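Engineer: Okay, handing you the structure first.
The values are calculated or read from the model by the stated rules, or taken from the named source; none is laboratory data. Nothing here was measured: the structure is a model prediction, and the numbers come from that model. Cβ placement follows ideal geometry from the backbone for every residue including glycine, while neighbour counts extend to all protein chains displayed. All accessible areas refer to the heavy atoms of the entire protein, side chains included, with ligands and DNA or RNA removed. Shrake-Rupley method; radii C 1.70, N 1.55, O 1.52, S 1.80 Å.
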Amino acid sequence: MKLLLINPNISDTVSDLIRLEAQRSASPGTEIEVLTAPFGVAYIETRFESLIGAYATAQLAAEHHARFDAVVVAAFGDPGLGGLREALPVPMTGLTEAALASAHLLGNRISVIAISQRIQAWYREVITAYGFGSRLASIRALDRPLSSIGGIQDAHAQALKTLAERAVDEDGADVIVLAGAPLAGLARALRGQLPVPVVDGVSSAVRHAETLVALQPGLARRGSFAPPPEKPTRGLPPAIEALLAAGVLRRDA
């Protein structure tokens with residue numbers, strides 16, 4: 001099995017964290033490849049930045065998906081996941097969707113630990129859109145400058161742990177989700193140090209992607225995730241043009 005994880009931001013250090021945790025979490029024989037967005041921002045905090053990340057992800061997915069059994073949007077907030085699920089002929093998931101699916105099996109009230117205050121509004125909207133708004137106990141986030149996006153775990157480990165403890169003690173969280181690719185692997189480091197289960201988005205996404213491939217559930221040809229209909233286009237990269245054309249054939253099959 002081959003899985004492609006796409007980092008929708010331009011931080012190679014974050015891609016390194018994603019790759020390490022994905023390789024640790026994957027089943028024996030699963031091959032992992034991580035690609036970094038060729039354009040965009042260092043890390044995604046806002047709705048507009050997520051639009052940029054979604055397009056960068058779409059471009060990489062269009063160019064490379066044919067070599068893989070499943071694709072993962074490796075950023076919390078899952079930029080572009082819904083649209084890509086319409087277009088790609090392989091199973092997909094994202095860090096938020098997969099982390100929430102894991103947390104759902106572990107408890108009722110879910111708290112999310114994030115890397116910045118600004119990011120909270122967008123995260124809350126995404127979580128609500130997935131149907132987990134009523135189960136969201138809290139979103140707690142760091143409130144300090146981030147000098148190195150790839151070094152957040154080293155620089156702020158104790159602060160992140162304290163936020164998680166407060167989510168349990170003050171917000172009634174049954175499960176903690178560590179949000180964002182910069183925190184990939186932190187759940188592994190905190191295992192046993194918190195009084196409730198801790199969920200990592202990268203490891204969850206890898207395992208859920210493997211499950212989707214193994215289940216062989218088929219792809220949508222009808223319904224809201226059917227491939228986009230045929231229509232004129234202009235100025236699109238060749239790989240995206242080809243993906244749209246292939247989707248038309250799949251829909252009409």
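Engineer: Specify the residue that is most open to solvent (accessible area, probe 1.4 Å); the eligible residues are those in region 181-200 that are assigned to a helix (DSSP H, G or I) and in contact (Cβ under 8 Å) with a residue 40 or more places away in the chain.
Structural biologist: Checked region 181-200; the qualifying residue most open to solvent (accessible area, probe 1.4 Å) is R188.
Engineer: Moving on to the next point. Looking at region 12-42 only, could you name the residues that are under 12 Å from A74 (Cα atoms) and assigned to a loop (DSSP other than H, G, I, E, B)?
Structural biologist: A37
Engineer: Right, next: Might you check whether a residue that is within 23 Å of E125 (Cβ to Cβ), part of a loop (DSSP other than H, G, I, E, B) and aliphatic (A, V, I, L, M) occurs anywhere in region 163-173?
Structural biologist: Yes, region 163-173 contains at least one residue that is within 23 Å of E125 (Cβ to Cβ), part of a loop (DSSP other than H, G, I, E, B) and aliphatic (A, V, I, L, M).
Engineer: Restricting to region 83-138, and then to whatever is touching a Pro at 6+ places or on another chain (Cβ under 9 Å), more than 30 Å from A245 (Cβ to Cβ) and not in a helix (DSSP H, G or I), can you tell me which residue is most open to solvent (accessible area, probe 1.4 Å)?
Structural biologist: Taking the candidates together, the pick is L106.
Engineer: A further question on this structure: Considering only residues that are closer than 30 Å to L17 by Cβ and hydrophobic (A, V, I, L, M, F, W, C), which ones fall in region 226-253? Write out each step before concluding.
Structural biologist: If we filter region 226-253 for residues that are closer than 30 Å to L17 by Cβ, which is where we start, we get 237, 239-240, 243.
Correct list: A239, I240, L243.
Engineer: So if I check each of L178, L244, L249, which one is under 30 Å from A62 (Cα atoms), touching a residue at least 24 places away in the same chain (Cβ under 8 Å) and open to solvent by 40 Å² or more (accessible area, probe 1.4 Å)? Steps first, please.
Structural biologist: Numbers: L178 fails: open to solvent by 40 Å² or more (accessible area, probe 1.4 Å); L249 fails: touching a residue at least 24 places away in the same chain (Cβ under 8 Å).
Within the list L178, L244, L249, the selection yields L244.
Engineer: One residue is enough: does region 52-72 have a residue meeting the conditions in a loop (DSSP other than H, G, I, E, B), surrounded by fewer than 16 Cβ atoms within 10 Å (Cβ to Cβ) and free of Cβ contacts under 8 Å to residues at least 60 places away in the same chain?
Structural biologist: no
Engineer: Do you know which residues across region 13-34 are over 15 Å from A205 (Cα atoms) and open to solvent by 30 Å² or more (accessible area, probe 1.4 Å)?
Structural biologist: T13, D16, P28, G29 - these are the residues of region 13-34 that are over 15 Å from A205 (Cα atoms) and open to solvent by 30 Å² or more (accessible area, probe 1.4 Å).
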